[in-house]
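Reading through the structure tokens given below for one structure.
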Amino acid sequence: MAAPVEVFVKAAVGHPDKLGDCPFSQRVLLTLEEKAIPYNATFIDIENKPQWFLEANPAGKVPVIKDGDKFVSDSDVITQLLEEKYPEPSLKTPAEYASVGANLFPAFLGFLKSHDSNDGTEAALLAEFKSLDEHFKLNNPFIAGEKLTGVDLALAPKLYHATIALPYYKNWHIPEQFTSLLTYIQAITSRESFKKTAAPAEFVIAGWDKHDGVTRSPELSTSAKPSAGHGTAAAKPFSVSL
Ligand SMILES: N[C@@H](CCC(=O)N[C@@H](CS)C(=O)NCC(=O)O)C(=O)O
């Protein structure tokens with residue numbers, strides 16, 4: 001039997017022995033889980049990167065996998081390599097669906113960092129969610145229809161972050177009328193693979209707290225941080241007590 005894949009992913013902020021909040025790391029873990037590939041995960045404290053990690057991977061980003069003697073970085077490259085080496089079950093995304101949701105993360109980040117309610121970032125994010133909702137009205141239960149594919153595993157961790165960070169930092173939720181999108185989020189984040197690889201809400205917030213420019217709206221700044229708990233269901237977003 002082949003040796004387990006060695007994968008290096010982000011550790012939780014303040015908990016170097018626990019899985020952290022990186023959506024790109026989760027994408028790779030999801031791919032390993034859904035393909036039932038045996039793996040060993042090592043958590044990397046990105047605020048205090050070990051010397052051996054920087055020598056092996058000078059760009060210093062996670063996720064990384066070890067392929068023979070080589071370290072391979074970037075979730076796009078890693079998931080493609082895993083697809084080639086472990087073709088069954090296939091997670092190949094048909095070309096026409098490959099870019100679904102590709103603009104979500106930049107739009108989410110733009111709004112999360114915005115301190116000007118008139119700068120258009122909220123409208124841009126809303127347009128992304130609307131376009132996803134329209135997609136899922138026509139294509140479901142997965143992005144490509146009947147079958148789970150790699151594009152779902154790239155998008156799901158980003159949606160999970162959105163459902164935790166937007167309520168917490170901006171008191172903002174995905175509008176309830178986007179029922180097809182919310183159904184998708186509920187279903188994909190309920191998969192065993194997702195629950196096993198998701199960082200709990202408090203680690204997601206701890207991660208975003210470290211990002212430049214990410215701060216809570218002033219009216220939220222005194223309310224509670226998320227409490228301990230694992231696998232917050234995305235359609236029941238973490239809510240702050242105001
Ligand atoms: N394009 C990369 C992005 C990876 C990335 O941004 N990783 C972040 C954590 S989520 C990281 O390693 N940051 C540490 C650093 O930049 O030093 C991918 O898809 O893997």
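Bear in mind these aren't lab numbers, they're just calculated from the coordinates by the rules spelled out. Small disclaimer: the values here were computed from a predicted structure and weren't measured. All Cβ positions, even for glycine, are placed from backbone atoms using ideal geometry, and neighbour counts span all protein chains on display.
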- Query: Quick one: which of 82-90, 156-164 comes out on top by average Cβ neighbours within 10 Å, and what's the full order, highest first?
  - Reply: 156-164, 82-90
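For residue 122, what charge total do you get from the other residues with a beta carbon under 13 Å from its beta carbon, if Lys and Arg give +1 and Asp and Glu give -1?
Details: positive: 113, 130, 170; negative: 116, 119, 128.
That sum, taken over residues with Cβ under 13 Å, equals 0.
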- Note on the structure: Final fewest-first order of 75, 180 on the 10 Å Cβ neighbour count is 180, 75
- Message: I'd like to know which of 112, 100, 62 lies farthest towards the positive end of the charge dipole of the range 57-114, counting +1 on Cβ of Lys and Arg and -1 on Cβ of Asp and Glu.
- Response: 112
- Approximate spin-label separation residue 173-residue 96, in nm, with each point projected 7 Å along Cα-to-Cβ: 3.5 nm
- Task: Assuming a ≥ b ≥ c are the square roots of the Cα gyration tensor eigenvalues, decide whether the range 116-181 counts as rounded (a/c under 1.5), prolate (otherwise, with a/b larger than b/c) or oblate.
- Result: prolate
- Query: Points 7 angstrom from Cα along the Cβ direction at residue 47 and residue 116: gap in nanometres?
  - Reply: 3.1 nm
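Per-residue ellipticity at 222 nm for the chain, helices alone: DSSP H runs ≥ 4 residues times -39500 (n - 2.57), over residue total, nearest 500 deg cm²/dmol? Could you put the intermediate results ahead of the total?
Details: 9 runs with 104 residues, N = 242.
Value at 222 nm, helices only: -13000 deg cm²/dmol.
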- Item | For the range 96-110, Karplus couplings with θ = phi - 60° (6.51, -1.76, 1.60), whole Hz, Gly/Pro x | 5, 10, 4, 9, 5, x, 5, 8, 5, 5, x, 5, 4, 5, x
- Comparing 40, 48, 139 in a Gaussian network model of the chain (Cα, 10 Å), the one with the largest mean-square fluctuation is 48
- Item | Computed over the range 33-184: relative contact order in percent, which uses C-alpha pairs under 8 Å that are six or more apart | 19 percent
- Message: Rounded to the nearest 5, what % of DSSP beta bridges with both residues in the chain are antiparallel?
- Response: 60 percent
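Return 52, 172 ranked ascending by Cβ neighbour count within 10 Å, so the fewest neighbours appear first.
Details: 52 8, 172 18.
Least to most surrounded, the residues fall as 52, 172.
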- Note on the structure: Normalised per residue, the volume inside the convex hull of the alpha-carbon atoms of the chain in Å³ amounts to 130 Å³
